[in-house]
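For reference, the structure is listed below as structure tokens.
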Amino acid sequence: MSGTRPLSRWSLAVVLPATLCALWAFAGSDSTLPAGVDDVDVLLLYTQNTQGFLRSCGCSGSESVGLAQAVEVIRKLREQFPGKVLAVDVGNLADDEKRGRVVWQALCEAKYDAVSFGPADAKWAEAYWRLASERPLTVVGLPLDNAEPDGRSLSYLRQPFAVVQVGERRIGLLSTGPETALSAEQAKLLVDVASTLRTGCDLMVLLTYRSLAEERHFLEGDLGRSVDLVVGARGSDRLKEPIRVGHSYLLPAAVQGREVGLAAVRWRPAAADGGKRDLAVEFKPLSLTAASPTNQNVARALRTALAEEQQATLMESLAGESEKLAEQGYVSPERCGTCHEEALSAWRKSRHAQAVATLLKKGTAVPECLRCHSEAFRVAGKVLQGVSSQGVECTSCHEEGLLHLALPGATGRKSEARKRCAGCHTPERDNAFDLEKRWSEIRH
């Protein structure tokens, strides 16, 4: 088991016990691990940008995947590879306290080594730090120099960096925190902190939400002499393999909800002339599936949280005819059906027409899912009472409902509908989505 030591701004002298927590990691069976993984020095598992999603969404059969499976898989990986696992999260845990508390419980179950403070987390900073004091979690990131709107700086609330002991290796962790761009002063501080940590650490990991271009630039300069691995850079989701800049590596992002990034780190033999350290890094995403083991404590917490949120959402639903929403731009399928009878009949037989009923059955009729599953919710922020068939409707795909009523033939072209599928059927939400196959199922 690794131990974490949060440190002061300029010293490595402060040592605290390790009560290590973080967020959301995913791993598959042993066969998914890189070859020869038993011989590696450190297995870095990393996740990012959870944004409060408690389970993956999508229509590909993986919507039950989420924190409950991730926690159990991480626990098993720690047992399987004692003294080798380093688990970190780049931040953006949630954007509100209610979701944040649920995620926090899962993090503590997962016993991650550290988490960074992301841009979304700044929205609930006060509650975030209250949670951190109630159930300690090692948070790393450079101190914020800018004050919050109330004039209070958050700098005293965060540790700028930490050192984690993984087996015989000391790992230095630092972060840019919620900053997506650094001032000259902040950049210098980052370099100074990295240089200080480097002297006492075998491996240096930077957690960031800055762009790939910015990180490349910094690694080509002074920062590159200290940092080995960069996790979380914006744009890294487009990478298939790590990018090497000097002796440093920029790692690909982990896809939200279905996998965790894994970097298998090995130290090559030192150069005969005593040259710079040299690492070998092998990257492989670890997939999490519905067949992955489930942590029952987290599963129960998620079910309770989702049930409460669904109940609160339905309490605000709209009673009466859906046409009451017309003033907000909503056009019901029945209204469209006055002219398009065959299309309405085909829609009623589709899965789109039962999109809300599907959520109710699964207990996930919550805002994050309803934004795609309910046209009424997308328009008005509420679902409809007493309507058996509602969900992804005519204007979800064709849009311009009221304008089409006024100017038939000028709007709502079928050619535009295909493009709108990608708005909800994203790789993150529905990684098995096949447009041509699905289009044949809903053609009308």
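Here SER292, SER248 are screened, and the one residue that is modelled with pLDDT of 90 or more and polar (S, T, N, Q) is SER248. For the residues LEU93, LEU86, LEU43, the requirement of being modelled with pLDDT of 85 or more, in contact with a helix residue (DSSP H, G or I) (Cβ under 6 Å, 6 or more places away or on another chain) and farther than 19 Å from ALA291 by Cβ singles out LEU93. Considering region 345-363, the residues that are polar (S, T, N, Q) and in contact with a His (Cβ under 9 Å, 6 or more places away or on another chain) include one that is surrounded by the fewest Cβ atoms within 10 Å (Cβ to Cβ), namely SER345.
Checked against (1) buried (at least 18 other Cβ atoms within 10 Å of the Cβ); (2) out of contact with any helix residue (DSSP H, G or I) (no Cβ under 7 Å at 6 or more places or on another chain); (3) assigned to a strand (DSSP E or B), GLY177 passes all but condition (3). When LYS382 is tested against the conditions (1) outside any helix (DSSP H, G or I); (2) more than 30 Å from GLN105 (Cα to Cα); (3) among the charged types (D, E, K, R); (4) in contact with an Asp or Glu (Cβ under 8 Å, 6 or more places away or on another chain), the lone failure is (2). Taken over region 159-176, residues that are out of contact with any strand residue (DSSP E or B) (no Cβ under 7 Å at 6 or more places or on another chain) and over 22 Å from TYR128 (Cα atoms) amount to 2. The single residue among GLY235, GLY224, GLY257, GLY275 that is modelled with pLDDT under 80 and surrounded by 13 or more Cβ atoms within 10 Å (Cβ to Cβ) turns out to be GLY257. With respect to (1) surrounded by fewer than 17 Cβ atoms within 10 Å (Cβ to Cβ); (2) among the basic types (Lys, Arg); (3) modelled with pLDDT of 85 or more, the lone exception for ARG169 is condition (1).
Only one of the numbered conditions (1) crowded, with 20+ Cβ neighbours inside 10 Å; (2) at pLDDT 80 or above; (3) hydrophobic (A, V, I, L, M, F, W, C) is not met by PHE81, and that is (1).
The values are calculated or read from the model by the stated rules, or taken from the named source; none is laboratory data. Small disclaimer: the values here were computed from a predicted structure and weren't measured. Note that each Cβ is placed from the backbone with ideal geometry, even for glycine, and that neighbours are counted across all protein chains shown.
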